[in-house]
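Bear in mind these aren't lab numbers, they're just calculated from the coordinates by the rules spelled out. None of the values given here were measured: they were computed from a predicted structure. Virtual Cβ from ideal backbone geometry, glycine too; neighbours counted across all protein chains shown.
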Amino acid sequence: MENAKNLEEFQAKIDAEIKIEPKDWMPEEYRQHLIRQMSQHAHSEVIGMQPEGNWITRSPSLRARKILMAKVQDEGGHGLYLYCATETLGVSREQLIKWLHEGKAKYASVFNYPSPTWADMGAIGWLVDGAAIVNQVSLQRTSYGPYSRAMVRICKEESFHQRQGYEIMATLMEGTAEQKKMAQEAFERWWWPSLMMFGPHDGDSPRSSNAMKWKIKRETNDDLRQQFIDKTIPQAELIGLKIPDANYKLLENGSYETSDIDWDEFWNVIKGNGPCNTQRIKQHAAAHDNGQWVREAAIAYNEKKEQQLKLA
Ligand code: BYC
């Protein structure tokens, strides 16, 4: 029952850094908040396989192909941990996928941009995974136990992803004039969408207040975005990439000031009008339909095993 005493005990646990576990009492609003954020996170991992999956068959070497395949498989694995963690809140995987296909659930806006060249593989790994790590390192301390534990494993894998992306960019930047141009253009395509991954400014983030009170989020959108900017600009400069922002500057405190994000573009992509929104959902729905026989076979196999165990 949702009474004052339950709420008080719940908040006391949060304040004392005690994780909330699936069978513990929790306010319905907390449960719904987590279902929304965690399922969006899971969808982002799985939809995020598409821009890179696009390049597996066209990787420039066998080594590059093996690395990219492993990376894209990891993203699918992250989706699975996160769907399982979300299911502990009493919602089924079928329901979560249905909301995604109906446009009721979001996924990270960054995955609605195209990946036309091999350099985009570098930019995605370095920037998109790099931004994801900053956010997810913070989420390792989130208050919901299954989400927090999923983040620990995901972060280990993401740091490999970030490095493989940076390696691609560094290699291209040591190459021919054409390769350098390709790297610079990919950097320009992914820089702003990566900064958008952290969400709206703190003052325009309606979910942040409860998220911070319940320690679902441990740092604000703007604080995390600034950490990413401060880490990434020196990495770009080290390999000779030009920051696509005429106004950026290093401040005395060691932090960088940058121009503001084009928020109209951000909200427009979220509303479904990005370059690849329609294609991403269409491909996901087709893959889901094509996988129906696998789900049926897995259920049939499981039922058979259970029958055999009963007979034994
Ligand atoms: N894109 O109040 P706010 C990966 C929405 S994948 C789309 O600040 P919140 C990878 C937000 O949902 C890792 N929508 O919300 C995979 C809210 O709308 P609703 C992805 C966004 O939740 C493959 C509204 O705007 N990481 O690494 O407090 C290959 C207002 O926002 C976005 C995660 O998913 C956005 N960028 O904060 C490579 C991290 N930003 O739901 C790499 C987990 C905001 O009220 N999520 N919105 O209708 C979070 O940490 C938080 O949900 C956010 C937003 C920081 C994203």
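A few notes on this one:
- Residues of the range 35-66 classified as polar (S, T, N, Q) and either over 16 Å from residue 81 (Cβ atoms) or away from the ligand (no atom under 12 Å from the Cβ) (or both), total: 5
- Looking across 261, 299, one residue alone is assigned to a loop (DSSP other than H, G, I, E, B) and farther than 24 Å from residue 32 by Cβ. It is 261.
- Just one of the listed residues (109, 115, 138) is among the hydroxyl-bearing types (Ser, Thr, Tyr), within 11 Å of the ligand (Cβ to nearest atom) and surrounded by fewer than 21 Cβ atoms within 10 Å (Cβ to Cβ), namely 138.
- Selection within the range 15-29 - surrounded by fewer than 13 Cβ atoms within 10 Å (Cβ to Cβ) and outside any loop (DSSP other than H, G, I, E, B): 15, 28, 29
- Residue list for the range 188-202, restricted to those being within 6 Å of the ligand (Cβ to nearest atom) and either without any contact (Cβ under 8 Å) to a residue 40 or more places away in the chain or in contact with a Phe, Trp or Tyr (Cβ under 6 Å, 6 or more places away or on another chain) (or both): 196, 199
- Among residues of the range 249-274 being under 25 Å from residue 112 (Cβ atoms) and away from the ligand (no atom under 16 Å from the Cβ), the one that is surrounded by the fewest Cβ atoms within 10 Å (Cβ to Cβ) is 259.
- Residue check, residue 122 away from the ligand (no atom under 12 Å from the Cβ) and buried (at least 24 other Cβ atoms within 10 Å of the Cβ): yes
- Test: residue in the range 212-219 that is crowded, with 21+ Cβ neighbours inside 10 Å and either more than 30 Å from residue 12 (Cα to Cα) or more than 9 Å from the ligand (Cβ to nearest atom) (or both): yes
- Filter result (over 12 Å from the mean Cα position of the chain (by Cα) and within 12 Å of the ligand (Cβ to nearest atom)) within the range 141-159: 142, 147, 150, 157, 159
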